[in-house]
Amino acid sequence: MKNKLLGTVLTLATVIILWIIPVPAGLSVKAWHLFALFMGTVVGFILQPIELGTVALIAMILCALTGTMEFKEVLSAFSGKIVWLIVTAFLLARSFDKTGLGKRIAYTMMRLFGDSSLKLVYSLTISDVIIGPVVPSNSARSGGLVYPIVQSVADAFDSHSDKNPRKIGSYLMASMFHVDMVVAAMFMTAMVGNPLAAGIAKKVLGIDISWIQWFVAASVPGICGLILIPYLLYKFYPPEIKKTPEAKKLATEELKKMGPMSAREKSLFVVFIILLGLWATTTITHLNTTLIALSGLCILLVTRVLTWNDVISEKKAWDTLIWVGGVIIMSAYLNKYGFIHWIAEILEHQLVGVSMLTAVFLSFVIYLYSHYLFASMSAHIAAMYAALITLGSVAGAPAFISAFVVAIAANLCGCLTHYGTGPAPVYFGAGYINQKTWWTIGFCMSVLHIIVWLGIGGIWWKFLGYW
């Protein structure tokens, strides 16, 4: 009770103190007041005096009551493409559980790799890498395709959010979420913001970044990251079960009990393949990834793989809709009101005259940690990418390095919070990892990314002649 009271006081104090501070030069009153409410929301998320959804809903209502945002603008929080893709990911995961297809996949994986929890994660990582280049949305890929399988593997080991979470489920969720940040960074087509970054780099620095050039530059640090993340989490956030020699035998027996695939399993499998194919060809069809996901959901409803009752009873999906929608809309309007541009200009002016290596390092780090203010990686790119890629270039760094380093940070920055990228609310919303642990792991991963990408990556880029 005392902790909740203290959390309430600190959350309100954050809003009040920032609200009454004189508006800095160059900012509108609306921009500053929205920043106060946004920071209060972040503090509320961290301390959790009440549920996340309640914190976000109160913040949105205050935005409307104070005139910081119009009420119709607040309500647009629930119409965004990303938030509905996240909701649909929860429903797709439910279909895997209901039909038993997820369990079948899980037992098949257990039969092949089930003698070690570390091997399980590496096998899932390989799957993510294989589909990474052809699914240009980490929300669709990790949230819609990989997460249901991860959840099913955890269920197969009797590891649930409310029962034995540390048995293996927490480790699987943490590992696969952070692995996907690296997969998104490795391929220009693995995250929708990457082509946007490449386009901005062309306009600002006059540099053309090809798909193969991106991949070659990212390959060595990316592979190192994919190897290190599961292993380090295995050591410092370990599953309770590490060696599971009996798992292969158990999986074989369970698969025999399940028998051949049912009609519903086959229907779901077909829909799953269709979704994968459509997500992989969005550059040709120009179909929106969220529209594709919702179309798949409709097919599952029509074929009775899922029922409408399944949809309305998926509490985690609707809870996520509220709090993620709230954060996304406030972040979007911080950018619209000019707050993010104001921050970027201050940073650019303060860092004029630093050395080339320092400028490249700072551009990566500043971009990485400024993502605490964002709920969308694409919105972050639109707001700050152009400003920060000029830091290295002005200091004398090659144009490719200046642009590429920040583009990589634009993917890895999603590791920090439970709202910073599409898959985050999905994996966090599964309930296996509390918020304090999530943020702690996220910060540790960010430090690892700095070491791997600026250290190992820097050496690799020197070898390639990019420096």
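Given a Förster distance of 25 Å, report the FRET efficiency between Ile16 and Ile346 from their Cβ-Cβ distance, rounded to the nearest 0.05.
About 0.55, to the nearest 0.05.
Taking N as the number of residues in region 1-66, what is its Cα Rg relative to 2.2 N^0.38 Å?
Values: Rg = 12.2 Å, N = 66, 2.2 N^0.38 = 10.8 Å.
The value comes to 1.13.
With the full set of protein chains in place, find how many percent of the accessible area of the chain is carbon and sulfur; take the probe as 1.4 Å.
Result for the chain: 69 percent of the exposed heavy-atom area is carbon or sulfur.
Of the options Val129, Ser170, Gln151, report the single residue whose Cα projects farthest towards the positive end of the charge dipole of region 82-211 (beta-carbon charges: Lys, Arg +1; Asp, Glu -1).
The one lying farthest along the dipole's positive direction is Gln151.
Which residues does the label zone of Lys119 cover in region 237-266, counting backbone N under 15 Å from a point 7 Å along Cα→Cβ?
Once the point is set 7 Å along Cα→Cβ of Lys119, 242-252 turn out to lie under 15 Å by backbone N, inside region 237-266.
So for each of 188-196, 355-363 I average, over its residues, the number of other beta carbons within 10 Å; can you give me the resulting order with the highest mean first?
Top of the packing list down: 188-196, 355-363.
Which value results when the Cα radius of gyration for region 133-256 is divided by 2.2 N^0.38 Å? Could the numbers behind the result be given before it?
Numbers: Rg = 18.2 Å, N = 124, 2.2 N^0.38 = 13.7 Å.
Cα-based Rg divided by the globular estimate yields 1.33.
For Val447 and Phe71, compute 0.36 nm times the residue count separating them, minus their Cα-Cα distance, and round to one decimal in nm.
131.4 nm
Tell me the volume per residue, in Å³, of the convex hull enclosing the alpha carbons of region 121-177.
66
Over the chain, what is the relative contact order in whole percent, taking alpha-carbon pairs under 8 Å and six or more residues apart?
The value is 22 percent.
Report the label-to-label distance for Ile227 and Leu6 in nanometres (one decimal), using points 7 Å from each Cα along the Cα→Cβ vector.
4.4
In debye, nearest 20, what is the charge dipole magnitude of region 276-351 about its Cα centre with +1 on Lys and Arg Cβ and -1 on Asp and Glu Cβ, if you could check? Please report the intermediate quantities before stating the final value.
Details: 4 positive and 5 negative charges, 53 e Å.
For this selection, approximately 260 debye.
So what is the 222 nm mean residue ellipticity for the chain from helices alone, if each DSSP H run of at least 4 adds -39500 (n - 2.57) and you divide by all residues, rounding to the nearest 500 deg cm²/dmol?
After summing the helix terms and dividing by the residues of the chain, the value is -22500 deg cm²/dmol.
Measure nothing but the geometry: give the 0 to 90° angle between the long axis through the Cα atoms of 435-449 and the longest principal axis through the Cα atoms of the chain, rounded to 10°.
Once rounded, one gets 70 degrees.
So if a site counts as exposed when it's one of the GluC sites (Glu not before Pro), its DSSP state isn't H, G, I, E or B, and it has at most 16 other Cβ atoms within 10 Å, what's the longest stretch of the chain without one?
Free of exposed loop sites, the longest segment is 247-467.
With the other protein chains left in place, how much accessible area per residue, in square angstrom, belongs to the chain at a 1.4 angstrom probe?
Values: 19030 Å² over 467 residues.
Averaged over the residues of the chain, the accessible area is 41 Å².
Could you work out how much longer the chain between Trp318 and Trp211 gets when fully extended? Use 0.36 nm per residue separation minus the Cα distance between them, nm to one decimal.
Details: separation 107, 0.36 × 107 = 38.52 nm, distance 3.72 nm.
Computed gain between Trp318 and Trp211 is 34.8 nm.
Helix 29-47 versus the longest principal axis of the chain: what is the Cα-based angle in degrees, 0 to 90, to the nearest 10?
40
The values are calculated or read from the model by the stated rules, or taken from the named source; none is laboratory data. Please read these numbers as outputs of a predicted model, since none were measured by experiment. Here Cβ is always computed from backbone atoms with ideal geometry, including for glycine, and neighbour counts include all displayed protein chains. Only protein heavy atoms, including side chains, enter the accessible area calculation; ligands, DNA and RNA are left aside. Shrake-Rupley method; radii C 1.70, N 1.55, O 1.52, S 1.80 Å.
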